[in-house]
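The values are calculated or read from the model by the stated rules, or taken from the named source; none is laboratory data. These figures come from a predicted structure and were not determined experimentally. Note that each Cβ is placed from the backbone with ideal geometry, even for glycine, and that neighbours are counted across all protein chains shown.
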Amino acid sequence: MEETEKRDLISITPEWSIPQLQEKIADAITGDGPALSTTPTKYKNLSADTCLVVNTSGSTGEPNSVAISTTALIASTNAAHKYLGAVPGDSWSLLLPTDHIAGLNVIARATALGTKVIDNRNVAEYVDADFISIVPTQLHRALTNDPKLLEHLTAAEAVLVGGGSITDSLKKAAADKHVKVVTTYGMTEMCGGCVYNQKPLDGVEVDIDATGLIKLRAPMMASNYLNNPSLWQSLTADGWFQTSDIGELIDGKLKVLGRSDDVINSGGEKISLIKIERLFNSHFPDQEVIAFGLPDAEWGERLCLGITTNISLADAQQKLTGINSPKEIYIFKEIPKSVLGKVDRKAAIRLALGK
């Protein structure tokens, strides 16, 4: 039996300029260069069809080394461009870190359109582009205190917003400012966003299992977890990728309700923390909030809120009633978030406990 063909794997280094990284991504896609890993890795070579290895935290919090094939990356790029109506010569603005799939996608998509990615990170003046990819935090900043970024977003044909939930009030504020927002849902294991404006991209299938968890199947699905193939096998045993997200399909549109670990059990009632945050924002617009649970002898878990303003517990309880009523409020200097703008509930718990 012939040995499976292999290719070299090297790590992306901070010393590379964005033009260098774009060139190396192009070579990884065509096979003219090695595959690329977002972090230092012990793997020196791997199957020839692998293009990228992107580290991401799984539901256990342990990093997973996601192997993404060239075929999957191209499928993701083509599906995104088909939805957006992108044509060769169109440009992409880079506003995201390049150690995550979202930032790498921006570079790969510019490459596919035959243009140089426009690096608009940490600049005094933005260079306009046809398409932009950002996280909700960046959109919020543009709408509240960054007029130059807002002008940049307004000039684009479409602004992809992913990496976390976006409130209806934020979407409305963006529309009022003529920012053409496209909400995205996905994960590294699906080469990033694969559902745009709640509709699956071309070739993407969505299902909801008996427990309410979202399952995805598409040509842009990754190949494996290099460091945990048994976990990958368990998550993809039936050909679908089993996410940790709770959702529902309504008239072909996917509504993401939150992660399964974004649910606490308080007094026998399951409470969606995402729902609590949305409910809070419906009563207190434009106020940053994070909901989390703390251990409680009586309730099992007690519902807590972290905010950055002086809204009293009594005021919150007057608006959020019944099982949605918080037991405690903590004032944080800032809401703890990941680099991609997702609220970090574990960090909020540590802050609340003084750890």
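Here are the numbers for the structure shown:
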| quantity | calculated |
| --- | --- |
| Residue pairs meeting the criteria (Cβ under 6 Å; at least 6 apart or on separate chains; first under 16 Å from G186 (Cα atoms), in the stretch 199-228; second basic (K, R) and at pLDDT 95 or above) | D202/K82; E205/R217; D207/K215 |
| Neighbours by Cβ (under 7 Å, 6+ apart or cross-chain): first from the stretch 123-135, modelled with pLDDT of 95 or more; second of a type in the set (F, W, Y) | A129/W92; F131/W92 |
| Residue within the stretch 209-219 that is modelled with pLDDT under 95, closer than 29 Å to H81 by Cα, within 19 Å of the chain's Cα centre (by Cα) and not in a loop (DSSP other than H, G, I, E, B) present | yes |
| Selection within the stretch 334-355 - closer than 27 Å to I134 by Cβ, in a loop (DSSP other than H, G, I, E, B) and among the basic types (K, R) | K342 |
| Residue check for P285: over 30 Å from T188 (Cα atoms) and in contact with a strand residue (DSSP E or B) (Cβ under 7 Å, 6 or more places away or on another chain) | no |
| Condition check for E301: in contact (Cβ under 8 Å) with a residue 40 or more places away in the chain and at negative phi | no |
| Output for the stretch 262-275, where each listed residue is closer than 17 Å to P136 by Cβ and of a type in the set (V, I, T) | I274 |
| Candidate set from the stretch 279-298 (those that are free of Cβ contacts under 8 Å to residues at least 40 places away in the same chain and assigned to a loop (DSSP other than H, G, I, E, B)); member that is nearest to T137 (Cα to Cα) | Q287 |
| Qualifying residue in the stretch 53-61 (condition: assigned to a strand (DSSP E or B) and either buried (at least 22 other Cβ atoms within 10 Å of the Cβ) or modelled with pLDDT of 95 or more (or both)) | yes |
| Single unsatisfied condition, G212 versus (1) on the phi > 0 side of the Ramachandran plot; (2) outside the structural domain of L36 (by TED's automatic domain parsing) | (2) |
| Residues of the stretch 17-52 that turn out to be assigned to a loop (DSSP other than H, G, I, E, B), surrounded by fewer than 14 Cβ atoms within 10 Å (Cβ to Cβ) and within 25 Å of the chain's Cα centre (by Cα), as a count | 3 |
| Answer from L226, L201 - the residue that is buried (at least 19 other Cβ atoms within 10 Å of the Cβ) and farther than 26 Å from P63 by Cα | L201 |
| Tabulated pairs, the stretch 335-349, first under 19 Å from Q138 (Cα atoms), second of a type in the set (V, I, T) and in a helix (DSSP H, G or I), C-beta under 6 angstrom, 6+ apart or interchain | G341/T137 |
| Residues being surrounded by fewer than 18 Cβ atoms within 10 Å (Cβ to Cβ) and either without any contact (Cβ under 8 Å) to a residue 24 or more places away in the chain or of a type outside the set (S, T, Y) (or both) - total across the stretch 245-262 | 9 |
| Residue that is modelled with the lowest pLDDT, among those in the stretch 307-324 that are closer than 19 Å to N265 by Cα and surrounded by 18 or more Cβ atoms within 10 Å (Cβ to Cβ) | N324 |
| Residue among H152, H178 that is more than 14 Å from the chain's Cα centre (by Cα) and at positive phi | H178 |
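One line per residue, one yes/no per condition, for (1) of a type in the set (A, V, I, L, M); (2) under 30 Å from Q287 (Cβ atoms):
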| site | (1), (2) |
| --- | --- |
| G162 | no, yes |
| V182 | yes, yes |
| Q198 | no, yes |
| D202 | no, no |
| D209 | no, no |
| S223 | no, no |
| N227 | no, no |
| Q233 | no, no |
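Per-residue answers, yes or no, for (1) at pLDDT 95 or above; (2) under 29 Å from I134 (Cβ atoms); (3) loosely packed, with under 13 Cβ neighbours inside 10 Å:
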site	(1), (2), (3)
E277	no, yes, no
E288	no, yes, no
G293	no, no, no
D296	no, no, no
L305	yes, yes, no
P326	yes, no, no
F332	yes, yes, no
